[in-house]
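A short write-up of the structure that comes next.
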Number of protein chains: 6
Amino acid sequence: MGIHKFFTSLNDLERIIRCPGRFKFEEHNVAAHSWKVSQYAMFFGTIEEMNGSIIDWKSLYEKTINHDFAEVFIGDIKTPVKHASPELKQMISHVEEKMMEKFIFNEIPEEFQEVFFDRMKEGKDATIEGRLLEFADKLDLFYEAFAELKRGNSDKEFVSMYQEALKKLLVIPLPSSVNYFKNTILADVITEKTPVDITALTKEVLTEAKPSK
Amino acid sequence: MGIHKFFTSLNDLERIIRCPGRFKFEEHNVAAHSWKVSQYAMFFGTIEEMNGSIIDWKSLYEKTINHDFAEVFIGDIKTPVKHASPELKQMISHVEEKMMEKFIFNEIPEEFQEVFFDRMKEGKDATIEGRLLEFADKLDLFYEAFAELKRGNSDKEFVSMYQEALKKLLVIPLPSSVNYFKNTILADVITEKTPVDITALTKEVLTEAKPSK
Amino acid sequence: MGIHKFFTSLNDLERIIRCPGRFKFEEHNVAAHSWKVSQYAMFFGTIEEMNGSIIDWKSLYEKTINHDFAEVFIGDIKTPVKHASPELKQMISHVEEKMMEKFIFNEIPEEFQEVFFDRMKEGKDATIEGRLLEFADKLDLFYEAFAELKRGNSDKEFVSMYQEALKKLLVIPLPSSVNYFKNTILADVITEKTPVDITALTKEVLTEAKPSK
Amino acid sequence: MGIHKFFTSLNDLERIIRCPGRFKFEEHNVAAHSWKVSQYAMFFGTIEEMNGSIIDWKSLYEKTINHDFAEVFIGDIKTPVKHASPELKQMISHVEEKMMEKFIFNEIPEEFQEVFFDRMKEGKDATIEGRLLEFADKLDLFYEAFAELKRGNSDKEFVSMYQEALKKLLVIPLPSSVNYFKNTILADVITEKTPVDITALTKEVLTEAKPSK
Amino acid sequence: MGIHKFFTSLNDLERIIRCPGRFKFEEHNVAAHSWKVSQYAMFFGTIEEMNGSIIDWKSLYEKTINHDFAEVFIGDIKTPVKHASPELKQMISHVEEKMMEKFIFNEIPEEFQEVFFDRMKEGKDATIEGRLLEFADKLDLFYEAFAELKRGNSDKEFVSMYQEALKKLLVIPLPSSVNYFKNTILADVITEKTPVDITALTKEVLTEAKPSK
Amino acid sequence: MGIHKFFTSLNDLERIIRCPGRFKFEEHNVAAHSWKVSQYAMFFGTIEEMNGSIIDWKSLYEKTINHDFAEVFIGDIKTPVKHASPELKQMISHVEEKMMEKFIFNEIPEEFQEVFFDRMKEGKDATIEGRLLEFADKLDLFYEAFAELKRGNSDKEFVSMYQEALKKLLVIPLPSSVNYFKNTILADVITEKTPVDITALTKEVLTEAKPSK
């Protein structure tokens, strides 16, 4: 049914809940997540630009807006599955790609197919926009975990989600963004009063991450 | 943490929602689904027994109670993904199996491991209990789709879920159960007043299913 | 409408919420509860069998699967009401029985009535299967209360639900199961970090329960 | 804990859902229901006053505000149970009364006990205020059923709830109110477009209700 | 459509959620809030009467039942907006009034218009009933905030909502009610175990409020 | 608290529900809405570019991503209020602006303030990007109303929301987009089977909108 079908499929992402099966005080859907990722990218793109990088803003925003569209086809497969084996991860990526292809061929009018193929392809590449997407996506995971810890969710999953996201954020090759996050944002994060000891969890990661001389 | 960990993981299945991403008037979780499957199996096991089959009831109930436990690890992967390619389907089954194995080795005390391996293995085999599980599982899909159609959900997904489940039910090698379902239950189903024309949808499948001479 | 009506009534139990009127971080429905009770019974039936008892597994599973079906008719009457007076408790049991009878006579085809009467009758009798049902049912109450305490629910109702369930579990005449629960599971339970002091609440009950010489 | 305990118990009624176990497009809690009953009573009290009756407004409002407070103790017992036998209905009323008494003696400071006993007693007596309470309470049932039918809920329970409420409304001994309801409000109700044929359901009841000459 | 339209609009208030946009463990709708306000007013009206005041009960109950009906038109505008500027506050009050007027002229039959105008006008005037409404309305805010703090919600908004409500309660010109609240109810409130230090938050306000000699 | 505070405030928009107080089969939050608006803008920006316009994509995406951020301060004020009088609408816009200003001055570090002022200002200006924002925003209203009508919601509000959104879409000065919407998308929309007669509602608007010669 063409673009009408594409537009109505956007609504499906409002019903895909992140981290299915875990107890959480607040649920997040993939549509809202994508929006927050765009917001983070807007800010850190600005940081990078202020520090001399050249940002292709069109590409950056399209990456963030589209990066999880394929969950329309596969849902939010639990992360442990995705990473159970390199073969499985690759196979799932492959299926995602194939289903996207099929969708574009079947639903998108020919004159728009090229543009859709271009926009819907995996965005986390080595370009600065790809790295900003990776950074913004992990930051949302970080904030989702932080919010649960703050409300008193002591389930191990969220503790380790918080620490894993933090670890990954610190090593993404975007020095200015990492710096701002680490020195300014993280400093504010650990001043919040939380039932779980966020400061300790954070310091544990920072200490590990410190390069030995 | 042993059996305590296993017991708390049961609660996770109350948060895995079936058919994620689809609009539905009523949601169903995997724990409640497993219970309904046990109920259907109890009834159709009785039908088969009345018609001369010998039922291993212990096996039948354990199959139904445990058949979706592995969704604790992988969530409810959308059916189209599971069937996107035979290789993927097989690979996902394989991952499920491996994660179950790992869980049993790590969490279940040694003296219970054998019994857990036996109970948690894929239940849909060629035995009469395996076929009753398959029948009961499809019947719940049938009833979930029916309930949505009855409330006025006209999304194509539920129409085709209803017809697909019906098609599969009719060819499961359990003649007495299929017969009872077709002649008695289905007869009642199509008398219900529904905004979507259930009778037509049902007859379409029955006609197709009719073996040509 | 016969068995179709019975099958659709199963869905009603997905909408009966346990402990109505109490604030809880997570709700549980009677269908999912019944499934968890079957799981606990499977485990403790195994424990008893390993310790030399003979288990009628068909009976055990049917007891657990069916034990709350009558809530279709009466809902989850608040426990204080059920126990307000022995007469009321008995009268409510009686009504439950009568409504079940009426349902079976009106809805279940004659050839299945006997089997339904047999399966739907009160299951908590003195047989080992009846005691395992009682044990499994109380264990789910124990775990529901535990989960609330773990999330930080400090309402008196859940503290006393936790302690009451524990007290009853410890005196059910199933020495091997009680032993395993007390020495192995409970030991794990109290190692979990919780805002409410679970260890103290647990020890309070254990101390009281200790038989004086 | 006195009045503080009483005030926090009001919050419990926000969690008691009416018609537990039925599928509904919209749920209603007992607190909100009590408020709507007060609103209807305000209107029909005015109608009666305009037609020459003397209304004790203080009594009327206190009856409507308090009429379901006892559900704090017993929840919303399903109507079929309440009416399963006259003895049971009476016994449940009796338990309700006893639990209310106990609550007042235990929680309410002595200087307020008399006033609480007076306000919390069963309000549906033969006074005009008692009849207005009965009328307003049934009217809310009528509107709850109507809203479900209007959204397309075709479950038999709501059809019969609509017709039963209507039948009872028409015979409550409040001629001016019944008249206004029947001639003015009902006339508007049946002009609404609904998937279920409200006009037919309504006329069925009106015809039956018509006194034969 | 007249009174039928008015009656169905009551249902809208069950969907207006208080404090939109804030994280909360439990939501409250405006209909249930109005009922709780009536309950508080009933109690404090009694206190005032016991202390020699004359209460116009009809007026008191009508004020509490109707005080938020205008939210049908405007929703629960966030408090900071309402108080952003005196002009805005006044303008919003004015709009509310105008929309209410329009509603009454368009929907309410002429013979009831006067009575509706009278009942729906702003109730928080200088009469004792107006002050009791103000007191009861603030008390519900106080209890909503208290319940969140008790469940462990440490968001600044609820801390300050608790303290602001408390501050305002203490200065409403109803000495007997304020006294009872301060000496009896508040004494019970601060004995509850809460993750947030309620006693400290409360004392902070009480100290500030204490008139200097 | 700077940018950390800004980032956590994004989460608030996941709790602001659109069209508060109306019955709807599916709710939408402002965060997810903003994402869908970005998606529509991406498509229609492409249409306009293909038809010879020059699009400032950075501006377009920032407009769509930020256009409802101010609802953090004021919530989703019901549309009838916003349009009750031109003065009120202007005053509310003014308050929104002032609160945004205050937020930026208080929370955003000085080096980013200019960039935030620029991005957060009202985006619906006369530029092609401003018109695309207007188009995309109305389109989401159109699709929200359409989805409700499709599920059988016959409340007048959604019928008129559908028609109002359609009317406005047809006259936004973006001939290529309007054309594509009208001739291609709308053609698909009216082929969907819906309980409410979408075709008639649509044609009514199209006929009215047709310019007389």
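A few points about this structure:
- Qualifying residue in region B:201-208 (condition: out of contact with any Leu (no Cβ under 8 Å at 6 or more places or on another chain) and surrounded by 18 or more Cβ atoms within 10 Å (Cβ to Cβ)): no
- Among residues of region E:1-18 that are over 17 Å from E:Glu71 (Cβ atoms), those with a Cβ under 7 angstrom from a residue that is assigned to a helix (DSSP H, G or I) and aliphatic (A, V, I, L, M), sequence gap 6+ or separate chain, pair up as E:Ile3/D:Ile185; E:His4/D:Ile185; E:His4/D:Val189.
Residue-by-condition table, conditions (1) closer than 22 Å to A:Phe7 by Cβ; (2) in contact with an Asp or Glu (Cβ under 9 Å, 6 or more places away or on another chain):
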{"site": "F:Gly2", "(1), (2)": "no, yes"}
{"site": "F:Phe6", "(1), (2)": "no, yes"}
{"site": "F:Leu13", "(1), (2)": "yes, yes"}
{"site": "F:Cys19", "(1), (2)": "yes, yes"}
{"site": "F:Lys24", "(1), (2)": "yes, yes"}
{"site": "F:Ile47", "(1), (2)": "yes, no"}
{"site": "F:Gly52", "(1), (2)": "no, no"}
{"site": "F:Tyr61", "(1), (2)": "yes, yes"}
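- Filter result (small (Gly, Ala, Ser) and either at pLDDT below 95 or out of contact with any strand residue (DSSP E or B) (no Cβ under 8 Å at 6 or more places or on another chain) (or both)) within region E:8-67: E:Ser9, E:Gly21, E:Ala31, E:Ser34, E:Ser38, E:Ala41, E:Gly45, E:Gly52, E:Ser53, E:Ser59
- Test: residue in region F:135-148 that is more than 15 Å from the chain's Cα centre (by Cα) and either surrounded by fewer than 19 Cβ atoms within 10 Å (Cβ to Cβ) or aliphatic (A, V, I, L, M) (or both): yes
- Residue list for region D:176-190, filter: in contact with a Leu (Cβ under 7 Å, 6 or more places away or on another chain) and surrounded by fewer than 18 Cβ atoms within 10 Å (Cβ to Cβ): D:Val178, D:Lys182
- Residue within region E:105-114 that is more than 7 Å from every other protein chain (Cβ to nearest Cβ), among the aromatic types (Phe, Trp, Tyr) and under 24 Å from F:Arg18 (Cα atoms) present: no
- Residues of region D:13-57 satisfying the condition of being surrounded by 20 or more Cβ atoms within 10 Å (Cβ to Cβ), acidic (Asp, Glu) and assigned to a helix (DSSP H, G or I): D:Glu48
- Among the residues listed as E:Pro173, E:Pro109, the single one being surrounded by fewer than 16 Cβ atoms within 10 Å (Cβ to Cβ) and touching a residue at least 60 places away in the same chain (Cβ under 8 Å): E:Pro109
- Only residues that are assigned to a helix (DSSP H, G or I), among the basic types (Lys, Arg) and within 12 Å of chain E (Cβ to nearest Cβ) were counted in region F:62-86, giving 1.
- In region D:19-38, residue farthest from D:Ala145 (Cα to Cα) [restricted to those that are within 11 Å of chain E (Cβ to nearest Cβ) and in contact (Cβ under 8 Å) with a residue 60 or more places away in the chain]: D:Ser38
- E:Lys58 over 19 Å from the mean Cα position of the chain (by Cα), at the interface with chain D (Cβ under 8 Å from one of its Cβ atoms) and basic (Lys, Arg): no
- Filter result for F:Asp188 (touching a residue at least 60 places away in the same chain (Cβ under 8 Å) and of a type in the set (D, E, K, R)): no
- Residues in region E:108-162 that are of a type outside the set (D, E, K, R) and in contact with an Asp or Glu (Cβ under 6 Å, 6 or more places away or on another chain): E:Phe158 only.
- Considering D:Lys150, D:Lys156, D:Lys167, the condition of being closer than 13 Å to D:Ile198 by Cβ, out of contact with any Lys or Arg (no Cβ under 7 Å at 6 or more places or on another chain) and of a type in the set (Lys, Arg) is satisfied by D:Lys150 alone.
- Scanning region F:115-136 for residues that are among the small types (Gly, Ala, Ser) and either outside any helix (DSSP H, G or I) or within 13 Å of chain A (Cβ to nearest Cβ) (or both) gives F:Gly123, F:Ala126, F:Ala136.
- Listed conditions (1) farther than 20 Å from B:Arg18 by Cα; (2) without any contact (Cβ under 8 Å) to a residue 12 or more places away in the chain; (3) among the hydroxyl-bearing types (Ser, Thr, Tyr) are all met by B:Tyr180, apart from (2).
- Positions within region B:113-133 being hydrophobic (A, V, I, L, M, F, W, C) and surrounded by fewer than 18 Cβ atoms within 10 Å (Cβ to Cβ), in sequence order: B:Val115, B:Phe117, B:Ala126
- Of the criteria (1) touching a residue at least 12 places away in the same chain (Cβ under 8 Å); (2) facing another protein chain (nearest Cβ under 7 Å), which one D:Phe43 fails: (1)
- Residue match in region E:151-166 (condition: crowded, with 21+ Cβ neighbours inside 10 Å, under 24 Å from E:Val37 (Cβ atoms) and within 14 Å of chain C (Cβ to nearest Cβ)): yes
- Some residue of region A:141-161 being under 16 Å from A:Ile65 (Cα atoms) and among the charged types (D, E, K, R): no
- Number of the condition not met by A:Gly2 [criteria: (1) more than 11 Å from chain F (Cβ to nearest Cβ); (2) among the small types (Gly, Ala, Ser); (3) over 15 Å from the mean Cα position of the chain (by Cα)]: (1)
The values are calculated or read from the model by the stated rules, or taken from the named source; none is laboratory data. Keep in mind that what you see is a predicted model, and the values were worked out from it rather than measured. Glycine gets a Cβ as well: all are built from the backbone with ideal geometry, and neighbour counts include every protein chain shown.
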